[in-house]
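Values in this text are rule-based calculations from the coordinates and carry no lab data. Note that the structure is predicted; figures quoted are calculated from it, not measured. Every residue, glycine as well, gets a Cβ built from its backbone with ideal geometry; the counts of neighbours run over all protein chains shown.
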């Protein structure tokens, strides 16, 4: 136990525990945003879709600006200010009755995430030795998945016990508490980033990214992986419902299978794969991921869908932490935040994926997952090309 505690710097453990705390708070409220808008504010489907879509959109492109700020100024300043703005945003969700204001608030929510994610990741990297960075990204991914299991359960329980707006209020208060805690903790530690600040102006961001072909290729590979993963909550529920009686119930079991697999195997697999290169781990993950998609396409009963999800989830374990670890590895020392922020652009795949998957579902349901698996598998070639540059 002692060796585990001392594996990372105390500040890294604090941020990892804070990740569970903050993400649990977010998962208490955000998965139920669409239902809240529909049932309590009687929002139209268009407004609900716009509200849900604007958050990821701002998060994806805001990552560039957020990453730049964490390199240009003190990481702790950006992180703390973001957490307090985030707190007021969730309190705004709890108290507003204007559907148009919900669109604005979720855009701010997306921006806050795009500032907070690169900032905290870059800060943890500052305090982690090179030979431990891969495990850091794996442990962080485990922390997020722990929150993803606990948060929604708490959200349902609290909503049943009280007013449906209470989870948003509690989330806002939890973020405020986290901000106060970070205010005291981060002042105790001096980050090496202070001596490695990026001096470039904001306009230089696009020039920097545009010139780094390796970064662009890594982002492109990430887009294809995200495109495949987005089928999990877009076309897969529809496919399950088409092929199995009581598909809604089965899909809930499929989600549980994903959560259990990721939580149980994330750390053991990350430790086992530390002896091979990041690219090799990513390559193995993409192949397993693609196999999971192929198996979804031929699944016809409960156990086939659950088994396919377990394989799909193992691919997720290999891929997602390694995508960020690879980008961190190529980032200059004074631009860690910018590069990790640029990594958010891979979420474009989460926008394209449901559209492409929905189109394939209409024209060729039997072959759609074969096509999607091949698209995802092609990212292996892109990553290989990136690492040759």
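Some points to look at:
- Using the alpha carbons alone, the radius of gyration of the stretch 1-197 stands to its Kirkwood radius in an Rg to Rh ratio of 0.99.
- Counting neighbouring Cβ atoms within 10 Å and putting the fewest first, the residues 388, 140, 75 line up as 388, 140, 75.
- Ordered by the number of other Cβ atoms lying within 10 Å of each residue's own Cβ, fewest first, 78, 244, 104, 362 fall into the sequence 362, 104, 244, 78.
- For the stretch 263-322, the fraction of C-alpha pairs more than 18 angstrom apart is 35%.
- Cα convex hull volume per residue for the stretch 208-389 (Å³): 109
- Think of it as helices only: each DSSP H run of n ≥ 4 in the chain is worth -39500 (n - 2.57), and spread over all residues that comes to -27000 deg cm²/dmol at 222 nm.
- The translational diffusion coefficient of the chain, from Stokes-Einstein at 25 °C and 0.890 mPa s with a Kirkwood hydrodynamic radius over alpha carbon pairs, comes to 114 µm²/s.
- Between the stretch 16-66 and the stretch 73-110, the alpha-carbon centres lie 11 Å apart.
- The length gained by stretching the chain between residue 41 and residue 65 to full extension, at 0.36 nm per residue less their Cα-Cα distance, is 5.4 nm.
- Histogrammed with a bin width of 10 Å, the alpha carbon distances of the stretch 129-180 distribute as 21, 34, 28, 13, 4 percent, first bin at zero.
- P(r) histogram, all alpha-carbon pairs of the stretch 100-162 included - 10 Å bins from 0, percent: 17, 29, 35, 15, 3
- By other beta-carbon atoms within 10 Å, ranking 13, 157, 86 with the fewest at the front produces 157, 13, 86.
- Using a Förster distance of 56 Å, the FRET efficiency for residue 287-residue 163 (Cβ separation, nearest 0.05): 0.70
- Debye log10 I(q)/I(0) at q = 0.27 Å⁻¹ for the stretch 37-97, Cα point scatterers: -1.14
- FRET efficiency, residue 252 to residue 81 (Cβ-Cβ, R0 56 Å, nearest 0.05): 0.90
- Peptide packing for 94-102, 218-226, 377-385 was compared via the average number of neighbouring C-beta atoms within 10 Å per residue; ordered from the highest value, the list is 218-226, 377-385, 94-102.
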